[in-house]
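Novice: Quick one: structure below, then a few questions.
The values are calculated or read from the model by the stated rules, or taken from the named source; none is laboratory data. Quick caveat, the model's predicted, so the values are computed rather than measured. Just so you know, the surface numbers come from the protein's heavy atoms only, side chains and all, with ligands and any DNA or RNA stripped out. Shrake-Rupley method; radii C 1.70, N 1.55, O 1.52, S 1.80 Å.
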Amino acid sequence: MKKIISTTFVLGISLFANSLWAQQISKDQMKAFQSDNVEVFKTAFSKNDYKYEQKRLAH
C-alpha cells in the first residue's frame, strides 16, 4: 500500500511540474504549427523558440 501511495504521489508531482514548464502558444502560433507551411511557421515563432529543435535535427 505504501508503494502505491508513493508512486501515485511521485507521478502527480511529475505531471504537475511538467504542466508548469509547458510552453504556452497563442492561437496564431497554433494555426501556424498545425499548417505544414514552413514560412508561416517561421513568421509566427521567433528563432529562439525553435533553435533547440534545429540543433537536434542537425545531428
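Novice: Would you tell me the accessible area of residue 35, worked out with a 1.4 angstrom probe on the heavy atoms of the protein chains, in Å² to the nearest 10?
Specialist: Rounded to the nearest 10, that gives 50 Å².
Novice: Starting from the Cα-Cα distance between residue 43 and residue 14, subtract it from 0.36 nm times their residue separation and give me the gain in nm to one decimal.
Specialist: Full extension from residue 43 to residue 14 adds 7.1 nm.
Novice: Same structure again: Counting heavy atoms of the protein chains only and a 1.4 Å probe, report the per residue accessible area for region 1-48 as a whole number of Å². Walk me through the numbers before you get to the answer.
Specialist: On the way: 4610 Å² over 48 residues.
With the other protein chains kept in place, region 1-48 gives 96 Å² per residue.
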